[in-house]
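Novice: I am attaching a structure below and will ask some questions about it afterwards.
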Amino acid sequence: TSDDSVKSTIDGDMTIISDSVLGSVKVDHPVLDAAAAYFFQISGKRFRPMLVLLVARAINKGATPEHIENIMAKQRKVAESTEIIHVASLIHDDIVDGSDTRRGIPSLNTKFGNKVAVLAGDFLLARSSLTLARLGNIEVVELFSTVIEHLSHGEVLQMAGKGKQNFDNYMRTIYFKTASLIAHSCKAAAVLSGAPLHIVEAAYNFGKHIGIAYQLTDDTLDFTQNEGLLGKPSQGADMRLGISTAPILYAAKQYPNEMNELISRKFSNDGDVESAMEFVKKSQAVEHTQDLAASHFKKAVDAALQFEPSPTRTAMISLIRKIMERDH
Ligand code: 2DE
Ligand code: MG
Ligand code: MG
Ligand code: MG
Ligand code: MG
């Protein structure tokens, strides 16, 4: 199965990272330590580090196994930092969104309050920067600084689009808030392997298209799945924040009069969320969003096919399939 090929390729790396991340976020203060370690003590899907590791293993070549292991040690740190930055962004996201659950447990803001949660997110960003700086590669540091800029930029763009969203703005937002991290972390793995430029670019495009597709799917799940399965607020949670995502924008193409009215008042009247939900369900909005996601997954496969054929490349494509078919 697809699981087996991914597992046999990077299971060892993932085990090393799960242990090492706990050391990377340790700090000599009981509250900060508990807050920083909170989400690393339970397991998320960990797609992001898996993608980085697969890109690394697909690209790495060397005169000796020792040489490859040296590079891999650095790429594992990139994968680990990717997960740390991702968790920091979710901690901050839950404050911005006022979400009370994440990964099936209370969000960090619920558990420790907004103040500690802001600071714990900052702390995690600092520790990931430290880990990355220690790799001694300025380009990698630059790539991740760009990511952190994009995360903030994406959130502000999303806020600015409330009540007047259009598709171009939406696509830009999801690149910044989700795809940039995956794209740049895959690129960083390729840079560390000393891969030629066209392979570095393929790694970036692989991550970018998975990221775009991933967020498109996330935005459909907010309409199709319940909080129990997702482990976070759902069933119109984005609308309740005034945010119009792809399913809303597609429904507005089919029912412009009704939907544009709801969008422009940010679903703020009683019953707005419920009626927008009805329009999404009686339109093909979710299907259209899934089709768009599928087209980006296909672009990710095309990018992966730029790498030389190998069992790892096959595993990368199986993981794309698995991410594409996820229901939570
Ligand atoms: C997830 O979107 C958003 C991720 C980016 C958050 C970035 C912030 C900027 P969603 P879900 C808050 C500051 C963070 C830094 C610099 C680390 O759709 O549905 O709200 O999982 O995600 O809540
Ligand atoms: Mg959120
Ligand atoms: Mg958000
Ligand atoms: Mg979401
Ligand atoms: Mg999400």
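The values are calculated or read from the model by the stated rules, or taken from the named source; none is laboratory data. A quick note: this is a predicted structure, and the numbers were derived from the prediction, not measured. Don't worry about glycine lacking a Cβ; one is built from the backbone with ideal geometry, like all the others, and counts go over all protein chains shown. Each accessible area value is taken on the protein alone, full model and side chains, heavy atoms only, with ligands, DNA and RNA left out. Shrake-Rupley method; radii C 1.70, N 1.55, O 1.52, S 1.80 Å.
Novice: Please sort 59-65, 309-315 by packing, taking for each peptide the average over its residues of neighbouring beta carbons within 10 angstrom, highest first.
Specialist: Highest mean packing first, the order is 309-315, 59-65.
Novice: With the Cα gyration tensor of the stretch 245-285 in hand, give its eigenvalues times 5 under a square root as the equivalent ellipsoid semi-axes, listed largest first in whole angstrom. Show your work: numbers first, answer last.
Specialist: On the way: eigenvalues 44, 21, 13 Å².
Semi-axes (√(5λ), whole Å): 15, 10, 8.
Novice: Taking the stretch 27-137, how much of its Cα-Cα pair set, in percent, is spaced more than 23 angstrom apart?
Specialist: Every Cα pair in the stretch 27-137 considered, those over 23 Å come to 36 percent.
Novice: Same structure again: In a Gaussian network model over the chain where Cα atoms closer than 10 Å are linked, find which of ASP219, ASP28, ASP13 has the largest mean-square fluctuation.
Specialist: ASP28
Novice: Please give the helix 138-160 orientation as an angle from the longest Cα principal axis of the chain, in degrees from 0 to 90, rounded to the nearest 10.
Specialist: Taking the Cα atoms of the chain, the angle to 138-160 is about 10 degrees.
Novice: To the nearest 10 degrees, how steep is helix 108-133 against the longest Cα principal axis of the chain, on a 0 to 90 scale?
Specialist: The angle comes out near 40 degrees.
Novice: Could you grab the Rg to Rh ratio for the stretch 154-246? Cα atoms only, Kirkwood for Rh.
Specialist: Rg/Rh: 1.08.
Novice: Any of LYS77/LYS299; LYS74/LYS208; LYS74/LYS187; LYS77/LYS187; LYS61/LYS187; LYS7/LYS187 with alpha carbons more than 20 Å apart? Name them for me. Walk me through the intermediate numbers first.
Specialist: Details: LYS77/LYS299 27 Å; LYS74/LYS208 22 Å; LYS74/LYS187 13 Å; LYS77/LYS187 14 Å; LYS61/LYS187 16 Å; LYS7/LYS187 22 Å.
Long pairs (Cα-Cα over 20 Å): LYS77/LYS299; LYS74/LYS208; LYS7/LYS187.
Novice: Now for a separate question. So for LEU130, LEU143, what's the accessible-area order with a 1.4 Å probe, most first? Don't skip to the end; give the middle numbers.
Specialist: Values: LEU130 80, LEU143 15 Å².
These residues rank, largest area first, as LEU130, LEU143.
Novice: If you average the alpha carbon positions of the stretch 136-186 and of the stretch 210-258, how far apart do those two centres end up, in angstrom?
Specialist: Comparing the Cα centres of the stretch 136-186 and the stretch 210-258, I get a distance of 19 Å.
Novice: Calculated FRET efficiency, GLN225 and VAL31, Cβ-Cβ r, R0 41 Å, to nearest 0.05? Before the final figure, lay out each step's value.
Specialist: On the way: r = 33 Å, r/R0 = 0.82.
Working from the Cβ atoms, E equals 0.75.
Novice: Which value, in Å², gives the accessible area per residue of the chain when a 1.4 Å probe is used on the protein heavy atoms?
Specialist: I get 44 Å² per residue for this part.
Novice: Could you estimate the translational diffusion coefficient of the stretch 145-184 from the Stokes-Einstein equation, with Rh from the Kirkwood formula over C-alpha pairs, at 20 °C and 1.002 mPa s, in whole µm²/s?
Specialist: D, rounded to a whole number, is 216 µm²/s.
Novice: Given the alpha-carbon gyration tensor of the stretch 78-207, what are the semi-axes of its equivalent ellipsoid in whole angstrom, ordered largest first, with each equal to the square root of 5 times an eigenvalue?
Specialist: One finds semi-axes of 27, 20, 11 Å for the stretch 78-207.
Novice: How big is the shadow of the Cα convex hull of the chain, averaged over all directions, in nm²?
Specialist: Values: hull surface 65.4 nm².
Dividing the Cα hull surface by four gives the mean projection, 16.4 nm².
Novice: I'd like the carbon and sulfur percentage of the solvent accessible area for the stretch 175-328, probe radius 1.4 Å, heavy atoms only, ligands and nucleic acids excluded.
Specialist: Percent of accessible area from carbon and sulfur atoms in the stretch 175-328: 50.
Novice: Do me a favour and compute the ellipsoid semi-axes for the stretch 183-328 from its Cα gyration tensor, root of five times each eigenvalue, largest one first, whole Å.
Specialist: With the √(5λ) rule applied to the stretch 183-328, the semi-axes are 36, 14, 13 Å.
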